[in-house]
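**Q** Structure incoming, see below.
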Amino acid sequence: MKDPLANQLDRLRTTLGTMEIALGTINEAIVWTDSQGKVQWCNTTFDRLVAMSHNLIIGKQLSELLSLRRSGQDISIAEHPVNLALKSQSKGQADYEFNDLILEISWSCLNLQQSSHKEQAELSIVLAIRDITESKRREQALQQVNEELERRVVERTQALTLANQQLKKELAERRRVEAKLWTTTSRLSALIQNLQAGVLVEDQLGQIVLVNQKFCQQFGIPLLPEQLIGVDCQQLAQTVREPFFDSEQVAQRIEDILNDRPVATSEELILSDGRTFERDEVQFGLTIVTTATCGCIEISAIANNSKRNYKSEKSAFAYSLLTHP
């Protein structure tokens, strides 16, 4: 009959063997040391981690088998997890670098009492080591992406702030120039409206933008100046040609002036009622804000006619303004 104690030992060996096989299948490396930091047991995952045979590992100093770094710098023996556990006799966890890997190491201090005598108790350290290289690298890559995005956001914000400041500055300058131009335009409009000469202002599309009452009176136009704004100048020319002695020639000449913009000086236009108009056309340049414009001024006046002894009085026939960018 087999000794019961021997049976218990056999069962214990079987259980320990089963546990060792089970612990060898997990991804975490597990190592157990004595109070001197020498390896008493480890699983096969730890064997693979340090790339050594299991039999060569047992009894070795863990700090020598597992040379760790932090932030690229080798840690001292006192900073090694096994010695931190022995010193504090408590649990702890930290990340370390080993070869090309990043390891998460957790440690615990066990007080193993081999008998009922307290003085025979012995400290043991258990370390669980997990490879977190991939997750850390993904985390670092994500952090780099976030930092890059934050940098770009800051740069973009700064650029937009500068652009906004520049736009505000340009807008303020534009408003200042517009106010000045409006004041100047108002004064010129008031001057033109009070001239004793007929004046008409045409834009680059040939449409009337300004005309005074004197012009309407001189050519018998039964409309207010405001009603002529936007009217085509060539259409108006067809309306005002009738009072002239040679209306066809006058109409053609007006059309030539509107289309070709030639320089004309002291041209006489004879009206059917005997009056004579003198037309002068001069090229001029005008700059408004940032747009360069050019055009011509055509002035028609009642001229002194020696044959009819008319007293000379000037009046404006047309004031044409051409603009282009």
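The values are calculated or read from the model by the stated rules, or taken from the named source; none is laboratory data. If you're wondering where the values come from, they're calculated on a predicted model, not measured in any experiment. Here the Cβ is made from the backbone with ideal geometry for all residues, glycine too, and neighbour counts use every protein chain on show.
**Q** Inspect the range 131-140 for any residue being assigned to a strand (DSSP E or B) and either modelled with pLDDT of 95 or more or surrounded by 14 or more Cβ atoms within 10 Å (Cβ to Cβ) (or both) and give the result as yes or no.
**A** Taking every residue of the range 131-140 in turn, at least one turns out to be assigned to a strand (DSSP E or B) and either modelled with pLDDT of 95 or more or surrounded by 14 or more Cβ atoms within 10 Å (Cβ to Cβ) (or both).
**Q** Of the numbered conditions (1) in contact with a Lys or Arg (Cβ under 7 Å, 6 or more places away or on another chain); (2) within 30 Å of residue 219 (Cβ to Cβ), residue 194 satisfies every one except a single condition; which is it?
**A** Against the list (1) in contact with a Lys or Arg (Cβ under 7 Å, 6 or more places away or on another chain); (2) within 30 Å of residue 219 (Cβ to Cβ), residue 194 comes up short only on (1).
**Q** Would it be correct to say that residue 123 is at pLDDT 95 or above, of a type in the set (A, V, I, L, M, F, W, C) and either more than 18 Å from residue 32 (Cβ to Cβ) or in the same structural domain as residue 27 (by TED's automatic domain parsing) (or both)?
**A** Taking the combined requirement at face value, the residue does not satisfy it.
**Q** Can you pull out every residue in the range 183-198 that is loosely packed, with under 11 Cβ neighbours inside 10 Å and free of Cβ contacts under 8 Å to residues at least 24 places away in the same chain?
**A** Of everything in the range 183-198, those that are loosely packed, with under 11 Cβ neighbours inside 10 Å and free of Cβ contacts under 8 Å to residues at least 24 places away in the same chain turn out to be 183, 186, 187, 190, 194.
**Q** Could you count how many residues in the range 128-186 are of a type in the set (Ser, Thr, Tyr) and under 30 Å from residue 27 (Cα atoms)?
**A** Within the range 128-186, residues that are of a type in the set (Ser, Thr, Tyr) and under 30 Å from residue 27 (Cα atoms) number 2.
**Q** Here is a further query. Among the numbered criteria (1) of a type in the set (Gly, Ala, Ser); (2) at pLDDT below 80; (3) surrounded by 10 or more Cβ atoms within 10 Å (Cβ to Cβ), which one does residue 6 miss?
**A** Single failed check for residue 6: (3).
**Q** Those residues that are basic (Lys, Arg) and outside any helix (DSSP H, G or I), I need them from the range 75-104; list them, please.
**A** Passing the criteria: only 91.
**Q** A follow-up question, please. Confirm whether residue 61 is at pLDDT 90 or above and either in the same structural domain as residue 108 (by TED's automatic domain parsing) or not polar (S, T, N, Q) (or both).
**A** yes
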